[in-house]
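Take a look at the structure set out below.
The values are calculated or read from the model by the stated rules, or taken from the named source; none is laboratory data. Note that the coordinates shown come from a computational prediction; the quantities given were computed from them, not determined experimentally. Note that each Cβ is placed from the backbone with ideal geometry, even for glycine, and that neighbours are counted across all protein chains shown.
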Amino acid sequence: MAGATQKAIEHAPVLFIGHGSPMNAIADNSFTQTLSKLGKLYPAPKAILCISAHWMTEGTWITRMPRPKTIHDFYGFPDELFQIQYPAPGDPEIADLISTTIHEPKISPDNETWGLDHGTWSVLRHIFPNADVPVLQLSLNMEQQAQYHYELGKQLRTLRDQGILIVGSGNVVHNLRKISWESDAEPFDWAIEFDDWIRAKLQSRDFDSIINGFNKSEAGKLSVPTSEHFLPLLYILGASYEEDKLKFEFQGIQNGSISMLTVRFGGKD
């Protein structure tokens, strides 16, 4: 037990963040205030590996550029959002480490196509506002099923022992067809039901039900009409250790149909 306790203290935590609307990048609300506190919970990581809902690809890719660009991958929002830059450096050496040590599946280096999309910078600018920690993004291979993403998360887990913070950025409930543009809109019953179900399965460490049963109920089908915002959670489940303490950093539903559930495995309070 002593060895397990020591290990739990030394490795970096993993986070799943419900990022919600791009407007959260400039908002001052209970969610963004929670993110601001997260950066003070542990020493600055060696680097951050983020799996964002907004980089969907064929195959699996990792950003390798030394200076990733800030991508404004949205439209119809105020000009203030488009002016934001998050000039965090990349880390080609860590990208090479990941792509060369994980042989199956193949992880291909991206030297110029992508960068940091709003699933990454809209949350990191609150957690690490100085943008001085190297950031890499891993893409979502949309040709693969849920188990693939969980298993890849398990292979990434050893990065935690090198001080690398793994972040999944998405939303466990994300239905834009049902969205209300009032941020304090009453949540739909099905959104509450599915959000509660996810939290219960996380608390019982029933990851198999999450991986294989998220879209079996009517609430699940309404909450996850497409998988890209849900899949980043599976990387965090895979990257967690059994002895990691689970903490719900934030809970709530914005706009009626967007869960802001933010989860941490490991780390110190």
Note on segment 67-112: residues closer than 23 Å to GLN155 by Cα and part of a loop (DSSP other than H, G, I, E, B) are GLY90, ASP91, ILE102, HIS103, GLU104, PRO105, LYS106, ASN111
If you go through segment 122-149 one residue at a time, how many are more than 14 Å from ALA47 (Cα to Cα), in a helix (DSSP H, G or I) and within 12 Å of the chain's Cα centre (by Cα)?
-> 2
Would you mention how many residues in segment 217-246 are within 29 Å of TRP181 (Cα to Cα) and not hydrophobic (A, V, I, L, M, F, W, C)?
-> 11
For segment 16-62, which residues satisfy the criterion of being of a type in the set (S, T, N, Q), buried (at least 18 other Cβ atoms within 10 Å of the Cβ) and part of a loop (DSSP other than H, G, I, E, B)?
-> SER21
Could you please let me know if PHE82 is in contact (Cβ under 8 Å) with a residue 12 or more places away in the chain, surrounded by 12 or more Cβ atoms within 10 Å (Cβ to Cβ) and among the aromatic types (Phe, Trp, Tyr)?
-> no
State whether the residues of segment 70-80 include one that is over 24 Å from ARG199 (Cα atoms), among the acidic types (Asp, Glu) and touching a strand residue (DSSP E or B) at 6+ places or on another chain (Cβ under 8 Å).
-> yes
Can you tell me which of ALA185, ALA200 is of a type in the set (A, V, I, L, M), without any contact (Cβ under 8 Å) to a residue 60 or more places away in the chain and over 19 Å from TYR235 (Cβ atoms)?
-> ALA200
For GLU242, state whether it is within 23 Å of TYR148 (Cα to Cα), touching a Leu at 6+ places or on another chain (Cβ under 8 Å) and assigned to a loop (DSSP other than H, G, I, E, B).
-> no
Positions within segment 159-173 being surrounded by 22 or more Cβ atoms within 10 Å (Cβ to Cβ) and outside any helix (DSSP H, G or I), in sequence order | ILE164, LEU165, ILE166, VAL167, GLY168, SER169, GLY170, ASN171, VAL172, VAL173
Just to be sure, is ARG177 surrounded by 20 or more Cβ atoms within 10 Å (Cβ to Cβ), touching a Pro at 6+ places or on another chain (Cβ under 8 Å), in a helix (DSSP H, G or I) and in contact (Cβ under 8 Å) with a residue 24 or more places away in the chain?
-> no
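Quick grid of which residues meet (1) crowded, with 24+ Cβ neighbours inside 10 Å; (2) touching a Phe, Trp or Tyr at 6+ places or on another chain (Cβ under 7 Å); (3) in contact (Cβ under 8 Å) with a residue 24 or more places away in the chain:
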{"site": "TRP114", "(1), (2), (3)": "no, yes, yes"}
{"site": "VAL123", "(1), (2), (3)": "yes, no, yes"}
{"site": "PHE128", "(1), (2), (3)": "no, no, yes"}
{"site": "LEU138", "(1), (2), (3)": "yes, no, yes"}
{"site": "GLN155", "(1), (2), (3)": "no, no, yes"}
Flag for GLU228 being among the acidic types (Asp, Glu), surrounded by fewer than 23 Cβ atoms within 10 Å (Cβ to Cβ), under 25 Å from ALA95 (Cβ atoms) and modelled with pLDDT of 95 or more | yes
Of residues in segment 63-73 being surrounded by fewer than 16 Cβ atoms within 10 Å (Cβ to Cβ) and either farther than 16 Å from TRP121 by Cα or of a type outside the set (Lys, Arg) (or both), the one modelled with the highest pLDDT | PRO66
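Quick test for you: out of LEU222, LEU156, LEU152, LEU202, pick the one residue that is modelled with pLDDT of 95 or more, closer than 19 Å to SER21 by Cα and part of a helix (DSSP H, G or I).
Residue meeting the stated conditions: LEU222.
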